[in-house]
Amino acid sequence: MKYSRNKINVSGKALLAGPETGFPYTDANLVVEDWRNLHLIPLQDLVAEVTRLLTENGIAAAFSSHRLKRMTSIIAKLRHNPGMGLGGLQDIGGARFVFEDTDSLLKAQQIISKASFKHFFADREPYDYVSKPKESGYRSIHFTYKYVSEDPDYDGLRVELQIRTRLQHDWAMAVETAELISKSSLKASLGDENWLLFFKLASAVFAQKEGMPVADSFVDYSEKDYCVQYAKLDKEFKFLGQLQALVSAVKISEEHTLHEGYAVLLIQFAEKRVQLRHFQSAKFEDATKYYSEVEKSIDDSNAAVVLVAVSDMKELQDAYPSYFLNASEFIQSLFEFNLICKAKQYI
């Protein structure tokens, strides 16, 4: 690799310490940015190899995407895991494949688990959070790979592959959207306890709908229990209404017809606005430079920026609905659940 693990860990510590501590913050920031950007090449190869594998086996994904981890997310993860070190992060670069149903997901899991990729080898055993959901309600299947390349800059880089159903994806994206409302890190099970309980319950409802295991705290719940608990939470805190209001208030500042290339999204929370700038595939260096410049210029409490690779605007909105504050599918699924509860006179 271009940078040793020790170099990355030292740079990560300097990044956490901040510019006021006397550490070589500026140099560390440049190292981490460059190291992060190197992961895009392995990601592109991983998406190509997984796509080929799925196609050969007749498995259709609803959509796929890949992204580099935001600097603020990197720092937050390091703070939550102080003993891990930056070199231990396995999801600096992440690819995601989303499937319409659990049958397709489980077939994909079986095929990918047995696959031998040209440029990758499995770095560790997969994490199956579908068979055993996290207590937070998070459900997805994660694979971690090391990249094999003749170019020493890229050889040995680690990337993550996530596969999940659309319903599991809707839940995860709704959590990210709710973080904008709750101003807390719900993904890390931090923040408002009532929001956390709401999403735990919603995950169990979705898992039951898919015929899949629920988190341990819900294994003894009946359908009526789910309905009663959900109605109580929604009546008291209006969580679904808050999400719906946020979705309705979204204003996207520019309309784009995107083709192959990269999009840099600037999300302004207070204005509920998403600004988008598109770069053609050949302009990758310009995209990463612009991404880094915007990232340094914004106030993390009021805005966020993300660099994504997409083929068109629809795929962008499907793959990253939370970045457009779009929790519509999640809302619709719970609305339908609520109708079932009422029809059965549980509430």
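The values are calculated or read from the model by the stated rules, or taken from the named source; none is laboratory data. Note that the coordinates shown come from a computational prediction; the quantities given were computed from them, not determined experimentally. So basically every Cβ, Gly included, is an ideal-geometry build from the backbone, and we count neighbours across all protein chains shown.
Considering each residue of the range 46-60 in turn, at least one proves to be more than 25 Å from PRO152 (Cβ to Cβ) and touching a residue at least 60 places away in the same chain (Cβ under 8 Å).
Among the candidates ILE74, ILE41, the residue that is more than 22 Å from ASP151 (Cβ to Cβ) and either in the same structural domain as ALA28 (by TED's automatic domain parsing) or crowded, with 17+ Cβ neighbours inside 10 Å (or both) is uniquely ILE74.
Scanning the range 113-125 for residues that are in contact with a Leu (Cβ under 9 Å, 6 or more places away or on another chain) and either in a loop (DSSP other than H, G, I, E, B) or among the basic types (Lys, Arg) (or both) yields ALA115, PHE117, HIS119. Regarding ILE267, is this residue modelled with pLDDT under 90, crowded, with 20+ Cβ neighbours inside 10 Å and farther than 22 Å from GLU100 by Cβ? Yes; evaluated as a whole, the condition is true for this residue. Take the range 288-300 and flag every residue that is among the small types (Gly, Ala, Ser) and without any contact (Cβ under 8 Å) to a residue 24 or more places away in the chain. Once the filter is applied, which keeps residues that are among the small types (Gly, Ala, Ser) and without any contact (Cβ under 8 Å) to a residue 24 or more places away in the chain, the range 288-300 yields only SER297. For the range 68-90, the set of residues classified as over 16 Å from ARG5 (Cβ atoms), at pLDDT 85 or above and outside any helix (DSSP H, G or I) consists of LEU68, LYS69, ARG70, listed by residue number.
Under the condition of being closer than 24 Å to ALA178 by Cβ, over 21 Å from the mean Cα position of the chain (by Cα) and surrounded by 12 or more Cβ atoms within 10 Å (Cβ to Cβ), the residues counted in the range 270-297 number 1. How many of the residues in the range 91-133 are polar (S, T, N, Q), modelled with pLDDT of 95 or more and loosely packed, with under 15 Cβ neighbours inside 10 Å? Of the residues in the range 91-133, 3 are polar (S, T, N, Q), modelled with pLDDT of 95 or more and loosely packed, with under 15 Cβ neighbours inside 10 Å.
Which one of these is in a helix (DSSP H, G or I) and over 20 Å from LEU307 (Cα atoms): ILE41, ILE8?
ILE8
One residue stands out among those in the range 186-200 that are more than 13 Å from ARG139 (Cα to Cα) and in a helix (DSSP H, G or I): the one that is modelled with the lowest pLDDT, which is ALA188.
Right, GLN162: closer than 13 Å to PRO133 by Cβ, modelled with pLDDT of 95 or more and polar (S, T, N, Q) or not? In short, no.
Specify which of the listed residues (TYR145, TYR154) is of a type outside the set (A, V, I, L, M, F, W, C), modelled with pLDDT of 95 or more and in a loop (DSSP other than H, G, I, E, B).
TYR154
Can you find a residue that is of a type outside the set (Gly, Ala, Ser), touching a strand residue (DSSP E or B) at 6+ places or on another chain (Cβ under 8 Å) and assigned to a helix (DSSP H, G or I) anywhere in the range 203-214? Scanning the range 203-214, I find at least one residue that is of a type outside the set (Gly, Ala, Ser), touching a strand residue (DSSP E or B) at 6+ places or on another chain (Cβ under 8 Å) and assigned to a helix (DSSP H, G or I), so the answer is yes.
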